[in-house]
Each structure stands twice: as C-alpha cells, then as structure tokens.
Amino acid sequence: MEEFVILVNEKDEEIGVKEKLAAHRDGNLHRAFSVFILNSKGEILLQKRAIDKYHSGGLWSNTCCGHPRPGEKIKEAATRRLKEESGLSSKLEFVAVFQYKISLQNELCENEIDHIFIGRSDQNPLLIPSEVSAWRYVRAENLSAELTRSSAEFTHWFPVAFRQLLDSSMYKSS
C-alpha cells in the first residue's frame, strides 16, 4: 500500500501531498511527529528501529515516530502510530516543534517539520518485528551520557527531539 506524506512550507502550512519514499528521495519538506512515552519513574521508552526499515534501521530512537496521512490531524496520527508500533495507548500532549534536514543512506533525505508529543504509560510495549527490534526504558541523565559517548547509535533526529523534550515544561512537570 502506497503511503503519502503532507508537504509543507517553512511555516508548516500544507502545500500538497507526495508518496512517502519519493518525498524522502527528493528531499521535500514534509510534516512528521515524534512521540516520547515516560513511565511513572520518569524513564523514557526508547525503541531500536527494525533493521529492515527504509532508513535508520537498527538505530535507537524515541518511542515512535511517523507522518500524518493526508487529511489526518497530527495528534491523531501520533496516537495511531504509537498503537501500530508499540501496542501502547496514551493521552498525548504537544511539547514542541522543530525543523531539520539531513542526508541519509540510500540517497534519501529527511527534511521535516517534526511535532513532538509526550505521553505516559507503565504498560509493556509489544515487540512488532517489522517496526522495532528492541525496547528499553532509560533515565534522562543516562541517555544524555550515552548520546555523548555513542551518538552514532541513534537516529539523526533523536538528539534534537530529546533536547526539545528536556527543555519543555511538559517534561519538567512529570
């Protein structure tokens, strides 16, 4: 099944749609989201992306990420994708938005306006091998140290999204 992303301008205003892989090949600016789930201990749930993902396979990242479908609101898309990737349900709250552009392997490019959401859950995530190869909870201070030591083990967008999370009032109130 073909998937489409929402193309946007620098102000995050919708300007069209494009097939997802083509948008990543052409480097088109598009809308995306990143979700962070925290447990009652304040630990962050990380996923290790399945090795067969079309990019960034085998790298650690936030709990889930993705793109809204045409006509889908961003928060609804984040809620949907959280369930698809992890089996988890959580009330999500908006944290921040940032833009980034990075060249990836296979002549692909991430050029996204990324909306960050936070949720809370003590449920164990499901392991869905086509999406995720491993899960782990980690304390923020340990994660910061790990990023300093071995940033190549994480997706390109993760350090920026993580910093946005740490700087947010939503995280500080958890």
- What share of the DSSP beta bridges in the chain is antiparallel, in percent to the nearest 5? 75
- Could you give P(r) for region 5-101, binned at 10 Å from zero, as whole percent values over all Cα-Cα pairs? 14, 45, 35, 6, 0
- Message: So if I restrict to the alpha-carbon atoms in the chain, what is the Rg, and what is Dmax, the biggest pairwise distance, in Å?
- Response: 15.1, 42
- Query: How far apart, in nm, are two points set 7 Å out from the Cα along the Cα-to-Cβ line at Glu93 and at Ser40?
  - Reply: 1.8
- Query: Among the lysines, which fall within straight-line cross-link reach of Lys101, defined as a Cα-Cα distance under 18 Å, with same-chain neighbours fewer than 8 residues apart omitted?
  - Reply: Lys11, Lys18, Lys20
- So, in nm, how far is label Ser130 from label Cys109 when the simple model puts each one 7 Å beyond its Cα toward the Cβ? 3.0
- Query: In nanometres, what is the gap between the two model label sites at Asp122 and Glu72, each 7 Å from Cα along Cα-to-Cβ?
  - Reply: 3.0
- Note on the structure: Filtered hits (lysines, Cα-Cα < 16 Å from Lys75, offset >= 8 within chain) -> Lys83, Lys91
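No value in this document is a laboratory result; all are computed from the given coordinates. If you're wondering where the values come from, they're calculated on a predicted model, not measured in any experiment. Note that we place each Cβ from the backbone using ideal geometry, even for glycine, and neighbour counts take in every protein chain shown.
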